[in-house]
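A.B. asks: One structure is given below, represented as structure tokens, and several questions about it will come after.
All of the numbers you see were taken from the coordinates with simple rules; none came from a lab. This structure is a prediction, so every number in the text was calculated from the model and none was measured. Quick reminder, even Gly has a Cβ in these numbers, built from the backbone with ideal geometry, and neighbours come from all protein chains shown.
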Amino acid sequence: MTLTQLNAFVLVARLGSVTAAASALGVSEPAVSQALTALRQHLGDQLITRGPAGMTLTPGGSRLLATASQIVVLGAEAQAAVRAAQGAPEQLRVVATSTFAEFVAGPLMDAFTRRFSSSVEVSTGVALTGEQATLVGNRLADVAFGPALGGEQPIPVVSEPIFKYRLIVVAAGHATLRGPARPAGQPRQWRWLVDPDGADPGSETARLLARLGIPENGVRVFPSQTAAWAAAADGAGVAPAIEHLVSQQLRRGELAQVELPGVPVEARWHATMLERQHRSAVAGALRRFLGTPEAMQLMRSPATGVPPSRFRPPVYVTIWS
């Protein structure tokens with residue numbers, strides 16, 4: 001029985017699938033399945049079974065989950081303690097929703113590392129909102145940026161609001177639209193162009209689509225928010241957008257706001273971390289930095305941001321090896 005096997009079991013149990021666990025760890029699905037199979041053989045228990053309602057824990061799996069979660073957390077703490085004794089740079093592992101990662105995470109982390117006195121290694125990845133609390137609670141991430149999170153975790157997590165924004169809907173502007181300045185028909189008949197957040201059930205974008213009753217076949221997912229906006233500017237459909245992030249395109253007339261009932265939507269970005277007494281020093285410093293005028297200005301106007309290709313779920317080799 002190894003940390004690798006326990007970690008695979010905990011993530012499959014808490015995230016509900018081998019696919020989600022593999023994505024969170026940054027490894028292949030067969031690697032997670034093999035680790036889970038080895039643990040089942042070692043303990044002589046299936047631990048997790050698949051039924052019509054999804055993954056279900058066996059009685060043995062239910063008893064193992066709490067203990068395994070504690071072991072995984074202790075393993076991460078042991079790794080951090082050894083790194084500190086060796087004088088290695090502190091690690092700051094960040095996960096965020098797709099839009100936050102695309103526009104805000106890069107400039108924000110760059111500014112933080114410039115200000116932080118000691119050396120720090122920052123890794124940033126994109127994670128679904130349903131995965132974020134599990135990653136933080138199991139010490140696979142130090143902070144998650146996105147909606148407020150909850151749920152039972154081995155170490156309790158807290159979500160604190162850090163920035164208020166408005167979610168709007170945009171379409172091609174007068175200068176670029178070949179035809180009407182607004183899409184014809186009703187919202188359910190439009191083609192909706194979204195970034196990966198639109199396929200994340202816990203995101204504000206997905207909630208907006210659900211409230212408007214948009215069918216799945218009316219949604220097209222693009223690799224980034226920028227790509228979705230570009231398609232909307234070309235007249236391919238309408239796109240949800242965070243108002244202050246799309247302000248330049250609105251000013252240039254490339255895009256125009258679509259008026260809909262219940263839109264704009266008031267929302268907030270949250271930072272989800274462990275409770276104060278469990279946070280690392282660098283995570284605590286980041287939380288203090290998020291309240292500074294510099295951080296607020298970067299979230300309000302992050303400039304060019306960082307290309308989405310730089311944001312991949314990090315692989316934690318020390319846990320998986």
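A.B. asks: Using a ≥ b ≥ c from the Cα gyration tensor of region 3-83 (square roots of the eigenvalues), is it rounded, prolate or oblate, where a/c under 1.5 gives rounded and otherwise the larger of a/b and b/c decides, a/b for prolate? Could the numbers behind the result be given before it?
C.D. replies: Details: a/c = 1.87, a/b = 1.43, b/c = 1.31.
Judged from the Cα gyration tensor, region 3-83 comes out prolate (a/c at least 1.5, a/b above b/c).
A.B. asks: Specify which residue in the list Gln189, Val32, Asn138 is farthest towards the positive end of the charge dipole of the chain, using unit charges on the beta carbon of Lys, Arg (+1) and Asp, Glu (-1), about the Cα centre.
C.D. replies: Toward the positive end, the furthest listed residue is Gln189.
A.B. asks: Of the residues Gln225, Gln70, Gln297, which exhibits the maximal mean-square fluctuation in a Gaussian network model of the chain defined by a 10 Å Cα contact cut-off?
C.D. replies: Taking springs between Cα atoms under 10 Å, the residue moving most is Gln297.
A.B. asks: Additional query: List the residues whose amide H sits under 5 Å from the amide H of Gln91, counting only those 5 or more places along or on another chain, with H placed 1.01 Å from N in the peptide plane.
C.D. replies: Those lying under 5 Å, H to H, from Gln91 are Glu121.
A.B. asks: Counting only C-alpha contacts under 8 Å and six or more residues apart, can you give the relative contact order of region 20-164 as a whole percent? Mind dumping the intermediate values first?
C.D. replies: Working: 148 pairs, mean separation 29.2, N = 145.
Computed value for region 20-164: 20 percent relative contact order.
A.B. asks: How much length is gained if the chain between Ser119 and His278 is pulled fully straight, taking 0.36 nm per residue apart and subtracting their Cα-Cα distance, in nm to one decimal? Intermediate results must be reported in sequence, preceding the final value.
C.D. replies: Values: separation 159, 0.36 × 159 = 57.24 nm, distance 2.07 nm.
My answer for the length gained is 55.2 nm.
A.B. asks: Using only DSSP helix segments of four residues or longer, with each worth -39500 (n - 2.57), what per-residue ellipticity at 222 nm results for the chain after dividing by its residue count and rounding to 500? If you can, show how the numbers build up before the last one.
C.D. replies: On the way: 12 runs with 126 residues, N = 321.
Taking each H run of at least 4 residues, the total per residue is -11500 deg cm²/dmol.
A.B. asks: Using a cut-off of 14 Å between beta-carbons, work out the net charge of the residues near Asp195 (Lys and Arg +1, Asp and Glu -1, Asp195 not included).
C.D. replies: Values: positive: Arg220; negative: Glu102, Asp197, Asp200, Glu204.
Net charge around Asp195: -3.
A.B. asks: For the peptides 22-28, 187-193, what is the packing order when you average, over each peptide's residues, the other Cβ atoms within 10 Å and list the highest mean first? All intermediate terms of the calculation are to be shown ahead of the outcome.
C.D. replies: Values: 22-28: 19.7, 187-193: 18.1.
Result, highest mean first: 22-28, 187-193.
A.B. asks: Hey, fewest Cβ within 10 Å first, where do Ser247, Ser119 land in order? Walk me through the numbers on the way to the answer.
C.D. replies: Values: Ser247 14, Ser119 11.
Lowest to highest Cβ neighbour count: Ser119, Ser247.
A.B. asks: Placing unit charges on C-beta atoms (Lys and Arg positive, Asp and Glu negative, everything else neutral), compute the dipole magnitude of the chain about its Cα centre in debye, rounded to 20. Can you show the working numbers first?
C.D. replies: Values: 28 positive and 23 negative charges, 56 e Å.
Roughly 260 debye, rounded to the nearest 20.
A.B. asks: A follow-up question, please. Taking the Cα centre of region 164-266 as origin, work out the dipole magnitude from +1 charges on Lys and Arg Cβ and -1 charges on Asp and Glu Cβ, in debye rounded to 20.
C.D. replies: Details: 11 positive and 10 negative charges, 54 e Å.
Its charge dipole is roughly 260 debye.
A.B. asks: Hey, another quick one. Label region 164-266 by shape, choosing from rounded, prolate and oblate, from the square roots a ≥ b ≥ c of the eigenvalues of the Cα gyration tensor; if a/c is under 1.5 it is rounded, and otherwise prolate applies when a/b is larger than b/c, oblate when it is not.
C.D. replies: Values: a/c = 1.45, a/b = 1.24, b/c = 1.16.
Rounded shape, in that the Cα axes give a/c under 1.5.
A.B. asks: Shifting gears a bit: Assuming 0.36 nm per residue, please report the length gained on full extension of the stretch Glu77 to Met1 beyond their Cα-Cα distance. Don't skip to the end; give the middle numbers.
C.D. replies: Working: separation 76, 0.36 × 76 = 27.36 nm, distance 1.88 nm.
Length gained between Glu77 and Met1: 25.5 nm.
A.B. asks: Give me the percent relative contact order of the chain, please, defined on Cα pairs under 8 angstrom at least 6 residues apart. Write out the running numbers ahead of the final one.
C.D. replies: Numbers: 572 pairs, mean separation 77.6, N = 321.
Worked out over the chain, it gives 24 percent.
A.B. asks: Using 0.36 nm per residue, how much length does the chain from Leu43 to Glu152 gain when fully extended, once their Cα-Cα distance is taken away?
C.D. replies: Values: separation 109, 0.36 × 109 = 39.24 nm, distance 2.48 nm.
36.8 nm is the gain from fully extending Leu43 to Glu152.
A.B. asks: Looking at the chain, what % of its DSSP beta bridges pair antiparallel, to the nearest 5?
C.D. replies: Details: 24 of 38 bridges.
Antiparallel bridges make up about 65 percent of those DSSP assigns within the chain.
A.B. asks: Lys and Arg at +1, Asp and Glu at -1: add these up for the other residues within a Cβ distance under 14 Å of Pro215 and post the number.
C.D. replies: Details: positive: Arg188, Arg191, Arg211, Arg220; negative: Glu216.
Within the 14 Å Cβ shell, the charges total +3.
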